[in-house]
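The values are calculated or read from the model by the stated rules, or taken from the named source; none is laboratory data. On a predicted model such as this, the values are computed, not experimentally measured, just so you know. Using ideal geometry, Cβ is built from the backbone for each residue, glycine included, and neighbour counts are taken over all protein chains shown.
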């Protein structure tokens with residue numbers, strides 16, 4: 001679980017930048033992480049659309065629906081990309097960073113080329 005003084009943006013940044021050939025730049029005025037500068041892995045949402053802190057990422061088919069139905073206090077369907085199965089994850093609630101890492105790695109697996117997946121698994 002997180003600690004009260006943990007900055008969710010910094011922890012999310014650390015997780016994303018640990019993935020092969022992942023870089024960060026602003027997109028829609030929010031920190032966003034890309035594979036090889038092209039494919040979006042994670043989009044931070046720090047009060048961009050409301051007063052909540054979260055991130056959005058691609059998810060395997062059915063995962064968004066399952067998690068949102070099971071735990072709507074932790075997961076949501078994000079605007080703009082939710083219809084494509086992307087998952088929204090609240091970061092202003094108690095967070096299990098091991099679970100967040102698993103979600104981020106799964107998002108990476110959705111968009112990274114095979115060569116980088118081999119490097120990740122190597």
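Can you tell me which condition residue 98 does not meet? The list is (1) touching a helix residue (DSSP H, G or I) at 6+ places or on another chain (Cβ under 7 Å); (2) closer than 17 Å to residue 7 by Cα; (3) in a helix (DSSP H, G or I), and all the others hold.
So residue 98 meets the others, but not (1).
Just need a number here: residues in region 105-122 that are under 26 Å from residue 6 (Cα atoms) and in contact with a strand residue (DSSP E or B) (Cβ under 6 Å, 6 or more places away or on another chain).
Residues meeting the conditions: 2.
Going through region 64-93 one residue at a time, which ones are farther than 23 Å from residue 23 by Cα and crowded, with 18+ Cβ neighbours inside 10 Å?
64, 67, 74, 75, 76
What are the pairs, 6+ residues apart or on separate chains, where a residue within region 92-112 that is free of Cβ contacts under 8 Å to residues at least 24 places away in the same chain has its Cβ under 8 Å from a residue that is surrounded by fewer than 17 Cβ atoms within 10 Å (Cβ to Cβ) and not in a loop (DSSP other than H, G, I, E, B)?
109/117; 109/120
Return a yes/no flag: does region 48-56 have any residue that is over 24 Å from residue 116 (Cβ atoms), loosely packed, with under 15 Cβ neighbours inside 10 Å and in contact (Cβ under 8 Å) with a residue 24 or more places away in the chain.
yes
Restricting attention to strands (runs of 3 or more DSSP E) lying wholly within region 1-77, give those where 2 or more residues are at pLDDT below 95 and within 17 Å of residue 95 (Cβ to Cβ).
Here the list reads 39-46.
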